[in-house]
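Asks: Could you have a look at this structure, given as structure tokens, before my questions?
The values are calculated or read from the model by the stated rules, or taken from the named source; none is laboratory data. Predicted, not measured: the structure shown is a model, and the values here were computed from it. Because the Cβ atoms are built from the backbone with ideal geometry, glycine has one as well, and the counts that use them run over all protein chains shown. All accessible areas refer to the heavy atoms of the entire protein, side chains included, with ligands and DNA or RNA removed. Shrake-Rupley method; radii C 1.70, N 1.55, O 1.52, S 1.80 Å.
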Amino acid sequence: MQVDLPSALNAVDDLGGYQRELLASLVSEPSLRAEPTDVHELCVGELEKAGMQVDLITPRMGELARHPEWCPPDPAIALAEPGQLVSVVGSAGEGLGILLFAHIDTEKPDPREDWETDPYQATEMGDRIYGVGTADDKAGVVSVLTAARALLPHLRSVRLVVGLVHGKLGGGLGTLPTMAGVGEVDAAIYCHPAETGKGMTHFKIATRGFFNFRIETEGRRPDPVEIRTPLSEDPRRGVNAFNRLQRVLGGVDRWADREGVLCSVNRVWAGTDPVVLPERAVAEGAVWFRHGTVAEVHESLQEAALEAGALSTRRFGMQSNPAEIPPDHPLVAATTSAITLETGVTPALYPAHVASDIRFPIRCLNAATVGFGALGGNFYGPNEWVDGADMHRATRVLVRIVSDWADQAQGGTPWPPIGG
């Protein structure tokens with residue numbers, strides 16, 4: 001065996017108090033998405049204590065914007081200087097590699113008046129630990145750091161990599177640039193609670209592609225019969241941009257059915273005066289898809305819209321390519337087994353999340369990747385919490401999966417890669 005599994009699991013159990021203390025330290029360190037923070041320094045210290053070599057990663061906007069996996073940040077967010085958004089990579093050992101990663105940034109604890117505890121103090125109430133980022137995703141950071149600390153003394157002939165990323169902006173400014181610092185790995189595990197609120201009874205093996213689109217159509221007002229009198233215009237002699245838009249959207253619906261994608265028009269507007277024929281109409285919506293890339297699917301949408309009479313079609317805002325691994329991949333089996341052993345419940349596969357960071361190791365590193373984490377609740381809002389006992393179980397699950405991977409890799413049957 002490449003991992004002394006009983007000893008590593010015992011080490012996790014011995015670190016139970018450490019996990020809670022570390023979570024408290026992380027929660028007390030503000031690390032809001034897109035804002036500078038020193039939380040990475042705390043993470044560096046923990047990685048160095050575990051005996052890992054540490055590198056700091058900062059995004060270079062010019063390079064990222066040209067990357068096929070780039071996801072623009074939300075324009076509504078006041079973005080800090082990208083160079084101040086620091087991610088951390090730790091590594092130890094040599095040979096085939098596996099990546100454990102989580103994100104270190106959080107949402108704002110707003111509205112503060114709705115919090116029943118101090119959001120920047122980890123407060124235990126029963127099995128739950130409350131505080132901003134406890135579930136999303138500082139419990140994941142704790143499990144990754146604790147698993148690394150427990151594994152390294154008992155891990156032989158393989159390379160363990162830890163990535164702690166500033167990644168809540170769709171991953172583009174944190175997880176994506178971090179992939180370049182990870183090196184070659186065969187598999188990756190994203191330790192992040194299921195957004196369904198189901199804890200480890202769900203884990204991710206897929207993430208859907210997504211983009212927003214805007215379609216515009218053009219019309220023409222008829223000439224008025226009476227000078228400067230819109231009421232005298234005969235609408236039958238003009239071209240109604242909204243009517244044209246309706247025909248275009250019918251063509252888009254047929255395109256979506258034909259291509260097997262989910263397309264929803266969610267905002268429409270036209271004209272400025274109820275008396276005057278609209279000369280411009282606009283529709284905005286979203287597309288979700290499992291195959292292809294954002295560029296390819298948008299090009300297909302654009303062709304259908306233009307053919308149906310659109311003036312223009314463009315995409316905007318957040319975008320994400322899809323990624324998935326086969327349900328019969330050995331990593332899926334190892335994850336299912338580890339979760340079942342630790343929780344007594346056989347987990348279900350969850351394929352519906354959009355823009356999950358599991359896409360980056362799959363698409364950038366060709367590495368099979370899953371995502372799971374401890375039971376948590378109130379994501380993105382007041383009174384966010386994580387189950388402390390489940391955080392401990394999630395750490396043990398990480399150790400079991402790494403042990404399974406290491407044994408297979410060194411036994412001559414490494415897990416197969418995944419095409420991007």
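Asks: With all protein chains present, how much of the accessible area of the chain (probe radius 1.4 Å) comes from carbon and sulfur, to the nearest whole percent? List each step's numbers first, then the result.
Replies: Numbers: 8410 of 17790 Å².
Here carbon and sulfur together make up 47 percent of the probe-accessible area.
Asks: Roll a 1.4 Å probe over the protein chains and send me the accessible area per residue for region 1-98 in Å².
Replies: 49
Asks: Remind me, relative contact order of region 270-372 in percent, using alpha carbon pairs under 8 angstrom and six or more residues apart? Walk me through the intermediate numbers first.
Replies: Details: 68 pairs, mean separation 20.6, N = 103.
So the answer I get is 20 percent.
Asks: Additional query: Which order do you get for Y190, Y18 if you rank them by accessible area with a 1.4 Å probe, largest at the top? Each step should come with its number before you reach the end.
Replies: On the way: Y190 10, Y18 40 Å².
The residues order as Y18, Y190, largest area first.
Asks: Among P109, H192, P235, pick out the residue whose Cα is farthest towards the positive end of the charge dipole of region 92-235, where Lys and Arg carry +1 and Asp and Glu carry -1 on C-beta, about the Cα centre.
Replies: H192
Asks: Here is a follow-up. How do D110, D127 stack up against each other in accessible area, from largest to smallest, with a 1.4 angstrom probe? Before the final figure, lay out each step's value.
Replies: Numbers: D110 85, D127 105 Å².
Largest accessible area first, the residues go D127, D110.
Asks: With charges set only on the Cβ (+1 for Lys and Arg, -1 for Asp and Glu), what does the dipole of region 158-297 come to about its Cα centre, in debye to the nearest 20?
Replies: Numbers: 18 positive and 16 negative charges, 52 e Å.
Around 240 debye, computed over region 158-297.
Asks: Relative contact order for the chain: what percent, with Cα pairs under 8 Å and sequence separation of 6 or more? Working shown, then result.
Replies: Numbers: 1002 pairs, mean separation 99.1, N = 420.
Normalised by residue count, the contact order of the chain is 24 percent.
Asks: Please report, in debye to the nearest 20, how large the charge dipole of the chain is about its Cα centre when each Lys and Arg carries +1 at its beta carbon and each Asp and Glu carries -1 there. The partial results should precede the final answer.
Replies: On the way: 36 positive and 55 negative charges, 229 e Å.
Dipole size: approximately 1100 debye.
Asks: Here is a follow-up. Give me the 1.4 Å probe accessible area per residue for region 196-258, excluding ligands and nucleic acids, in Å².
Replies: Values: 3560 Å² over 63 residues.
For region 196-258, the solvent-accessible area averages 57 Å² per residue.
Asks: With n ≥ 4 as the cut-off for DSSP H runs, can you work out [θ] at 222 nm for the chain, using -39500 (n - 2.57) per run divided by the number of residues, rounded to the nearest 500?
Replies: Numbers: 11 runs with 136 residues, N = 420.
Roughly -10000 deg cm²/dmol at 222 nm, from the helical runs in the chain.
Asks: In addition: Mind ranking 239-245, 102-108 by how tightly packed they are, going by the mean number of other C-beta atoms within 10 angstrom, highest first? Don't jump to the answer; show the numbers that get you there.
Replies: Details: 239-245: 20.6, 102-108: 23.7.
Packing order, densest peptide first, comes out as 102-108, 239-245.
Asks: Against the globular-protein guess of 2.2 N^0.38 Å, express the Cα radius of gyration of the chain as a ratio, rounded to two decimals. Walk me through the numbers on the way to the answer.
Replies: Details: Rg = 24.9 Å, N = 420, 2.2 N^0.38 = 21.8 Å.
Dividing the Cα radius of gyration by 2.2 N^0.38 Å gives 1.14.
Asks: I need the calculated FRET efficiency for the pair E113 and R254, taking r as the beta carbon distance and R₀ as 56 Å, to the nearest 0.05. Can you show the working numbers first?
Replies: Working: r = 49 Å, r/R0 = 0.87.
Working from the Cβ atoms, E equals 0.70.
Asks: Which whole-number percent is the relative contact order of region 1-82 (Cα, under 8 Å, 6+ apart)? Write down the numbers at each step before the final one.
Replies: Numbers: 28 pairs, mean separation 20.9, N = 82.
Relative contact order of region 1-82: 25 percent.
Asks: Additional query: Using a 7 Å offset from the Cα along the Cα-to-Cβ direction at both A295 and V268, what is the distance between the two label points in nm, to one decimal?
Replies: 3.2
Asks: Using 0.36 nm times the number of residues separating T340 and L231, minus their current alpha carbon distance, what extension gain do you get? Don't jump to the answer; show the numbers that get you there.
Replies: Numbers: separation 109, 0.36 × 109 = 39.24 nm, distance 7.18 nm.
Using 0.36 nm per residue and subtracting the Cα-Cα distance, I get 32.1 nm.
Asks: Only four residue types carry charge here, +1 at the Cβ of Lys and Arg and -1 at the Cβ of Asp and Glu. Report the dipole size of region 105-234 about the Cα centre in Debye, rounded to the nearest 20.
Replies: On the way: 15 positive and 20 negative charges, 166 e Å.
The calculation lands at about 800 debye.
Asks: Shifting gears a bit: Sum up the lysine pairs in the chain that clear both bars: alpha-carbon distance under 26 Å and a spacing of 8 or more or different chains.
Replies: 10
Asks: To the nearest 0.05, how large is the calculated FRET efficiency for E124 and E303 if R₀ is 45 Å and r is the Cβ-Cβ distance? Write out the running numbers ahead of the final one.
Replies: Numbers: r = 56 Å, r/R0 = 1.25.
Using R0 = 45 Å, I get an efficiency of 0.20.
Asks: In region 190-339, if the dipole is taken from +1 on Lys/Arg beta carbons and -1 on Asp/Glu beta carbons about the Cα centre, which of A295, L306, T201 is farthest to the positive end?
Replies: Farthest towards the positive pole: T201.
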